[in-house]
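The values are calculated or read from the model by the stated rules, or taken from the named source; none is laboratory data. Just so it is clear, the model here is predicted, and its values are computed rather than measured. When we count neighbours, we look across all protein chains shown, and the Cβ atoms used for this are built from the backbone with ideal geometry, even at glycine.
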Amino acid sequence: MNSEAIIECVPNFSEGTDPAKVRKIVRAMQVPGVSLLDWSLDTAHNRSVVTIAGQAEAVVESAIRGAGKAAELVDLTKQSGVHPRIGAADVIPFIPVRGVSLATCALLARQAGMQIWRRYGIPVYFYGASAARPDRVHLEDVRKGQFEGLREAVRRDAARRPDVGGPELHETAGASVVGARSFLIAYNVHLKQPDITAARAIARDIRGSNGGLHGVKAMGVLANGRAQVSMNITDHVATPMKKVYARLKELAMRHGAELDDSELIGLIPEAAYEEGSEWITTIPNFDPSLKVIERCLENPLAWPATDAA
């Protein structure tokens, strides 16, 4: 790994309604050598997503500290939202950006997971390229049953226990899923009609696991009273975003619905950005300087101030 190597980490925290808590988590992640590229709260999903990038060891340390602060501030026994979750720091993926391989990111994820357990007593599951077992490669398989279901499952089924720590989950912070993966695009599209049935049908039909588009994961949800198709696109090279959007339009018509505006959660790589493309123009106030990873690296955000409420 060369000295110019850059990795990205996109921790997802199970808190999206209290900006003060999220600010404290982000603030705890400030480490020399790490740039803050993006952070946002989603009240409907009760989730926040933070994007950091920089030197490998520094990014790993930043993510570990974020997990520890989230465990202090987020109590899953009192938290709910439409997004599946098993941990206060729910998922922590490491992504190669420049001069580093996915295999190296997988090793870094293993190191981070060990430290999260040793420092904070939060058990860890490994997924993606760092999965220790074939049945844990996919995030949705690890997260089956969510916090409440997994909390019970680990007590009666050894096969559901964490890879590191445990065997039981942390009483209030649950468990973290740590891994390595390639770029993922988190993309949500709203329907003009508040029709959750149509949103679920569209999600079902576009989902790769159901014979839809390769590398597309999708679920239909109600978010702030609006029907939404919430998607993760895991292979934007094989399945470009314009292809995803075109298919969404076809499926919406088939199910008697119409697409409205859309949103990106987190950032996208330069290779996925298509200026003027319809999927981009439906995102209100889209600014590539704030949403394209490589451009954000040139002009990172300021870390939240220590005295922020």
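Going through (1) out of contact with any Gly (no Cβ under 9 Å at 6 or more places or on another chain); (2) in contact (Cβ under 8 Å) with a residue 60 or more places away in the chain; (3) surrounded by fewer than 20 Cβ atoms within 10 Å (Cβ to Cβ) one by one, Ala53 falls short only on (3). Mind listing just one residue for me: the one in segment 175-211 that is of a type in the set (Gly, Ala, Ser), at pLDDT 95 or above and part of a strand (DSSP E or B) and, of those, farthest from Gly266 (Cα to Cα)? Step by step, filter segment 175-211, then rank; the result is Ser176. Any residue in segment 27-40 that is aromatic (Phe, Trp, Tyr) and at pLDDT 95 or above? Within segment 27-40 (the criterion being aromatic (Phe, Trp, Tyr) and at pLDDT 95 or above), the answer is no, since none of the residues qualifies. Here is the figure for segment 28-50: residues that are under 21 Å from Gln228 (Cβ atoms) and either touching an Asp or Glu at 6+ places or on another chain (Cβ under 9 Å) or among the acidic types (Asp, Glu) (or both) total 7.
Considering Leu102, Leu107, which residue is surrounded by fewer than 24 Cβ atoms within 10 Å (Cβ to Cβ) and touching a Pro at 6+ places or on another chain (Cβ under 6 Å)? Talk me through it step by step, then tell me what you get.
Working: Leu107 fails: touching a Pro at 6+ places or on another chain (Cβ under 6 Å).
None of the others qualify; the one that does is Leu102.
Among Ala180, Ala227, which is the only one that is of a type outside the set (D, E, K, R), within 20 Å of His45 (Cα to Cα) and crowded, with 18+ Cβ neighbours inside 10 Å?
Ala227
With respect to Ala203, is the statement that it is farther than 22 Å from Leu37 by Cα, surrounded by 14 or more Cβ atoms within 10 Å (Cβ to Cβ) and touching a Leu at 6+ places or on another chain (Cβ under 7 Å) true? Step through it out loud before you land on a result.
Values: farther than 22 Å from Leu37 by Cα: yes; surrounded by 14 or more Cβ atoms within 10 Å (Cβ to Cβ): yes; touching a Leu at 6+ places or on another chain (Cβ under 7 Å): no.
It is false that Ala203 is farther than 22 Å from Leu37 by Cα, surrounded by 14 or more Cβ atoms within 10 Å (Cβ to Cβ) and touching a Leu at 6+ places or on another chain (Cβ under 7 Å).
Would you mind stating whether Lys243 is surrounded by 16 or more Cβ atoms within 10 Å (Cβ to Cβ), of a type in the set (D, E, K, R) and at pLDDT 95 or above?
Numbers: surrounded by 16 or more Cβ atoms within 10 Å (Cβ to Cβ): yes; of a type in the set (D, E, K, R): yes; at pLDDT 95 or above: yes.
So Lys243 fits the description; yes.
Taken over segment 120-141, the criterion of being more than 15 Å from Gly166 (Cα to Cα) and outside any loop (DSSP other than H, G, I, E, B) is satisfied by Tyr127, Gly128, Pro134, Asp135, Arg136, Leu139, Glu140, Asp141. Here Glu263 meets the list (1) assigned to a strand (DSSP E or B); (2) surrounded by fewer than 18 Cβ atoms within 10 Å (Cβ to Cβ); (3) of a type in the set (Asp, Glu) almost entirely, failing just condition (2).
Run Val237 past the list (1) surrounded by fewer than 20 Cβ atoms within 10 Å (Cβ to Cβ); (2) touching a strand residue (DSSP E or B) at 6+ places or on another chain (Cβ under 7 Å) and report the number of the one that doesn't hold. Against the list (1) surrounded by fewer than 20 Cβ atoms within 10 Å (Cβ to Cβ); (2) touching a strand residue (DSSP E or B) at 6+ places or on another chain (Cβ under 7 Å), Val237 comes up short only on (2).
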